[in-house]
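Read-outs: derived from the displayed coordinates by stated rules, not from any lab. The structure presented is a predicted model; accordingly, all values stated were derived computationally and were not measured. When we count neighbours, we look across all protein chains shown, and the Cβ atoms used for this are built from the backbone with ideal geometry, even at glycine.
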Amino acid sequence: MSKQLPVKVDMEKIVSLCRRRGFIFPSSEIYGGLSSCWDYGPLGVELKRNIKQAWWQAVVHERDDMVGLDASILMHPQVWVASGHLEGFTDPLVECQNCNQRFRPDQVLVGEVHRQNVFLGYASGVNKEEYDKNWLEVLSQHPTPGGMFRVEPTEPKTLQDFLDDRSKIPCPFCKAIGQFTDPRLFNLMFKTFMGPIEDSASVVYLRPETAQGMFVNFENVVNTTRKRLPFGIAQTGKAFRNEITTGNFIFRSREFEQMEIEFFVKSGTDKEWFNYWVKERLNWYINLGIKKDNLRLRQHMKKELAHYALDCYDIEYLFPMGWAELEGIANRGDFDLVQHAKYSGKSLEYFDDETKEHYVPYVIEPSAGVDRSVLAVLCDAYDEELDNGEIRVLLHLHPTLAPIKVAVLPLSRRGPLVQVAKQIYADLRQCWIVQYDDAQSIGRRYRRQDEIGTPFCVTIDFQSLEDNQATIRERDSMNQIRVPISTLKTVLAAKFSGEPLFVLSPGGQIWKGGENG
Ligand SMILES: [Zn+2]
């Protein structure tokens, strides 16, 4: 009856569906919208909550070694000094327009490459080792005339000395030449003022990540929960970054929501735990129904790593615009706790009861974006089928994530049918989020539910009044079964838990029925 269409999921289709059905709207739309800000509508908020709830369930409630936290968005300004986030505020940075990496000009080494007094170009690097390597690379690009010479890289200066004429300076990261912007203060963090006076003493920032809330509460958690290493703290919440480039719908915006874990371990066990979390987090997406083919792991190259990170993997999803990061899992070593100990003056060492040692734990950080997960789930679920000459748009959402779990559809808006349908509606909504829809033809109503990913529709027709049975229709297969109304809850519960189909007969006998049975 239905035929799979070769569906090319493009962003326009997703944006249009989200807009049309109330998943996601542009922010402040009646005023023309606000760039890269988005509002989650009635269905979007349910989907988003379901994703966060599934995450919380998996990483907090189902584990003995994790606890939750909800830290405030505004934090002590010193937090951002310790974390390094304030650096871009106080020190001007240059940005490579090719790869968008940012550098402090006094931290990039630059030197001329010569052979026998012939100037060949410039080399750069973020440390001496990288500089030497890049220097020899530039040299090797110029064939040696008449034999080999022993060469030593020239002593580098810093980029600071070349800012006036940087047209020939290569980026140490991507090697693109002459791509550095003027040095400027990158206001990555949104700045605001606490209290009525807008002076420098009252400056606070909207947090650019939820992670720091967990680091600064490490001691509180250890002291109040009796958690012993290894254990983790999990948090979901809003974060704000004044990104220069935003886009791809909700993929990159300036206000976004994170789902982050800081998992504290003893150094020496960090590699093992790092590998564990990479696998664990990848499986979480697969268990939520995301196609394996659309997921991949990408290890960061050495030069991509933040200076403190020992290792990092991205879980990437094949979005309509290509592979892009869904979640990053980083081994941050002891960087964060050491920094906060240094700036707060508090010892953040952990006392190991068993070995009687004091040490600063290492941290494994799986950091996921809620909005990116929403986008990935929508892109992955989107499908079109040819059904009786019409295109059926549907979302193959995992039942756990579907905003509406069941729709109750009476075939008529009048008479005794309505009473039966309303009773079923009242009954089912004790267990699930249920929608009652009696507008337009049954075909149109099925389409509406398919398009928002509702897994099951329960239809009540005139025969229901005689045989006390209702029809359950499945979204993906469009298969239908008729079951006694008194067993609807049991059958749906079995369906949601993925059990093979069974029906309780009115006499209490359990039988396995075929689809359409
Ligand atoms: Zn670059």
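With both partners inside the chain, how many of the DSSP beta bridges are antiparallel, as a percent to the nearest 5? Present the calculation step by step, with values, prior to reporting the outcome.
Details: 82 of 93 bridges.
So the antiparallel bridges amount to about 90 percent of the total.
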TODO: Would you mind checking which residues have amide H under 5 Å from residue 120's amide H? H placed 1.01 Å from N; only 5 or more apart, or other chain.
DONE: 113, 114, 115
Open item on the list: Cross-link candidates for residue 279: which lysines have Cα within less than 22 Å, leaving aside residues fewer than 8 places away along the same chain?
Closed with: 52, 266, 271, 291, 292, 302
TODO: Check the cysteines of the chain one by one and keep only those with no other cysteine Cβ under 4.7 Å from their own.
DONE: 18, 37, 312, 379, 431, 457
Task: Inter-part distance where segment 342-368 and segment 146-208 are each reduced to a Cα centre, Å - done: 32 Å
Open item on the list: With n ≥ 4 as the cut-off for DSSP H runs, can you work out [θ] at 222 nm for the chain, using -39500 (n - 2.57) per run divided by the number of residues, rounded to the nearest 500?
Closed with: -8000 deg cm²/dmol
Task: Rounded, prolate or oblate (a/c below 1.5 giving rounded, otherwise prolate when a/b exceeds b/c) for segment 404-511 by Cα gyration tensor - done: oblate
TODO: Please identify every one of the trypsin sites (Lys or Arg not before Pro) in segment 153-223 that sits in a loop by DSSP and has no more than 16 other beta carbons within 10 Å of its own beta carbon.
DONE: 168, 175
- [ ] Name the long-range amide H neighbours of residue 382: under 5 Å, sequence gap of 5 or more, or other chain; modelled H, no Pro or chain starts.
- [x] 396
Open item on the list: Through the Karplus equation 6.51 cos²θ - 1.76 cosθ + 1.60, θ set to phi - 60°, convert the phi angles of segment 172-188 into ³J(HN,Hα) values in whole Hz; use x for Gly and Pro.
Closed with: x, 8, 9, 6, 4, 9, x, 10, 6, 7, 4, x, 8, 7, 8, 7, 4
Open item on the list: With equal scatterers on the alpha carbons only and no solvent term, can you work out the Debye log10 of I(q)/I(0) for the chain at 0.07 1/Å?
Closed with: -0.54
TODO: Would you mind checking which residues have amide H under 5 Å from residue 436's amide H? H placed 1.01 Å from N; only 5 or more apart, or other chain.
DONE: 408
